[in-house]
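The values are calculated or read from the model by the stated rules, or taken from the named source; none is laboratory data. This one's a predicted model, so the numbers in the text were calculated from it and none came from an experiment. Methodologically, a virtual Cβ is constructed for each residue, glycine included, from the backbone with ideal geometry; neighbour enumeration extends over all protein chains shown.
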Protein chains: 2
Amino acid sequence: MDERQIIKWLKSRCRCKNRQVKLGIGDDTAVIDYNRNSYLLLTTDVVVENVHFKMQEATFRQIGRKALAVNISDIAAMGGNPLWALVSLGMEKKKADNYREIYTGILEIAEMFNIDIVGGNLSRSETLFVDIFLIGIVEKKKLILRNTARPGDIIFVTGTLGGAQKGKQFRFIPRVREAKEIIKSIKPSAMIDLSDGLASDARKLAEASGCGFEIETSKIPVSRDASEKNRISSALYDGEDYELLFTVSPEFVSLVPADIKGLPVTNIGRITRQKTFLLKYPDGKKAKIRGEKFKHFS
Amino acid sequence: MDERQIIKWLKSRCRCKNRQVKLGIGDDTAVIDYNRNSYLLLTTDVVVENVHFKMQEATFRQIGRKALAVNISDIAAMGGNPLWALVSLGMEKKKADNYREIYTGILEIAEMFNIDIVGGNLSRSETLFVDIFLIGIVEKKKLILRNTARPGDIIFVTGTLGGAQKGKQFRFIPRVREAKEIIKSIKPSAMIDLSDGLASDARKLAEASGCGFEIETSKIPVSRDASEKNRISSALYDGEDYELLFTVSPEFVSLVPADIKGLPVTNIGRITRQKTFLLKYPDGKKAKIRGEKFKHFS
């Protein structure tokens, strides 16, 4: 059973009963009624030793920073603002003093986004993990889901992709402000953050919308950090870019900014009615994208 | 650095800036403004392999059930109703199919309390953990904190204590309904749930309130499951009872029900101005309670 099947089973078992729940499992965050004009956004994501980092390759401070940053990225992808976080930390007893360093990393990025750490817990665990629960808020009219792209919509990404493992994975600044800038110019038809990699996340958005996509390899904005050996493959599959992928109806494409304070915003392809996931090469040849690479249970 | 010092350091670093946050780190849950009449309650607690259970002593279903139940107990201790949960699950790849069993346990108790599972994530992890974030709601006038007990207040506990490791730790039903029944009769001055054990949790409530306590050993309602060797010690230190401890101003003691649908409610002692934590024996002798036994980093 892979993550896709697990989520499908879960969705079938977890039908929400409370009327305040606008959206349960299946998007970057859950969506809950808050007041007349806003929704609450609820999300959780974890970083685990030997899965999301190796102890010898990351400082405790980097681990803490990343644990919160990946959650902020989920709130950004819904068009929201992060507000309150709870931190669940598991580590070996003898390493308890390192928790200050983890928290220093968490607070570094919490302060940048004005997030309050309102609770949490500490537990012993043979495997180090930092699990963060983040609540955000979004104006109802600015909420953007991943399952509302339409055939013909143009696909954009922010920034450059590939090679995040060289350092961006610990340094990235979640695209909260950029998402807001985009929404100010034009409300995207759908949006998702790029955590597992362009190929995998574009597919999630297209599948959730009942569509396919065609991405032009020559248009993909490849990072300087992408692998020299196969730069396109690096941009498609490396993951951890934490950029935004969003779709826009063709008539509004001219309203999409070319960059946001220097960060490029690039048209890379389009959503298709046909439910296939295609790469289009400069010579006009097309290839089906290879199986998505899930971070988890892969 | 023990958990107490860690929490102290954290509280000093995590001063909340958002005005909606009524209470951050330090109680069973965080408290956030929701609407005119209610607060949101935010809590997280985790169960970790080899710390909170051993694989050979618990089924996956029991582990899942317990992971949600301990969080519900925190909401109960604030006088609230649980509403929405997110589940963060870490397990070895080869054991992925067992996740259904974990979820079956989670859903078993979620359905009992009408809780919606609105999101979560799955990650590989060498150590199994189930980390749950639970949001609840409480009427503003019914919110009960742990730091508001006053000298002279009488201490009550629900149920019987000790020996929960014989089975109650996996079977207990969090005291949401009982908390409401108590609040209907008399609003306690303070309340906490008994997770780490009577000695430790009574001390947390008393310390948070700037007080001490005196508990009469002869009055402690000891469970049939408590250790035969030292029944009082078992009731004081075993932990995982998940009963409620609450305090009531002396003039209202007669309003406290003697039982709630058969569950005993027992007067076990009183809050003192002197910041000592005393046991009073039937012969009149008193002893300082031995150092609290924290679940974490102990």
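Wholly within region A:71-175, which strands (runs of 3 or more DSSP E) include no fewer than the required count, namely at least 2 residues that are hydrophobic (A, V, I, L, M, F, W, C) and not assigned by TED's automatic domain parsing to the domain that holds A:Phe53?
It comes to A:154-158.
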What number of residues within region A:161-177 satisfy the criterion of being in contact with a strand residue (DSSP E or B) (Cβ under 9 Å, 6 or more places away or on another chain) and either of a type in the set (A, V, I, L, M) or surrounded by 21 or more Cβ atoms within 10 Å (Cβ to Cβ) (or both)?
7
Considering only residues that are surrounded by fewer than 21 Cβ atoms within 10 Å (Cβ to Cβ) and under 16 Å from the mean Cα position of the chain (by Cα), which ones fall in region A:144-158?
A:Asn147
Of the residues that sit in region B:27-37 and are out of contact with any helix residue (DSSP H, G or I) (no Cβ under 6 Å at 6 or more places or on another chain) and buried (at least 16 other Cβ atoms within 10 Å of the Cβ), which one is nearest to the other protein chains (Cβ to nearest Cβ)?
B:Ala30
Just one of (1) part of a strand (DSSP E or B); (2) within 19 Å of the chain's Cα centre (by Cα) trips up A:Ile7, so point out which.
(1)
Scan region B:85-95 and give yes if some residue there is in contact (Cβ under 8 Å) with a residue 24 or more places away in the chain, surrounded by fewer than 20 Cβ atoms within 10 Å (Cβ to Cβ) and in contact with a strand residue (DSSP E or B) (Cβ under 8 Å, 6 or more places away or on another chain), otherwise no.
yes
Unique residue being within 20 Å of the chain's Cα centre (by Cα), among the basic types (Lys, Arg) and outside the structural domain of B:Lys11 (by TED's automatic domain parsing) when the list is B:Arg203, B:Arg231
B:Arg203
Take the residues of region A:11-26 that are more than 7 Å from chain B (Cβ to nearest Cβ) and basic (Lys, Arg): which is farthest from A:Gly210 (Cα to Cα)?
A:Arg19
Taking B:Leu128 and the conditions (1) farther than 27 Å from A:Tyr34 by Cα; (2) among the hydrophobic types (A, V, I, L, M, F, W, C); (3) away from chain A (no Cβ under 14 Å), which numbered condition does it fall short on, given that it satisfies the others?
(3)
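Quick grid of which residues meet (1) at pLDDT below 95; (2) touching a Leu at 6+ places or on another chain (Cβ under 7 Å); (3) within 12 Å of chain A (Cβ to nearest Cβ):
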| site | (1), (2), (3) |
| --- | --- |
| B:Leu41 | no, no, yes |
| B:Val47 | yes, no, yes |
| B:Val51 | yes, no, yes |
| B:Gln56 | yes, no, no |
| B:Leu68 | no, no, no |
| B:Ala77 | no, yes, no |
| B:Ser88 | yes, no, yes |
| B:Met91 | yes, yes, yes |
Right, A:Asp97: in contact with an Asp or Glu (Cβ under 8 Å, 6 or more places away or on another chain) and under 30 Å from B:Gly26 (Cβ atoms) or not?
no
Given the options B:Leu145, B:Leu122, B:Leu161, B:Leu134, name the one that is touching a helix residue (DSSP H, G or I) at 6+ places or on another chain (Cβ under 9 Å), facing chain A (nearest Cβ under 7 Å) and of a type outside the set (Val, Ile, Thr).
B:Leu122
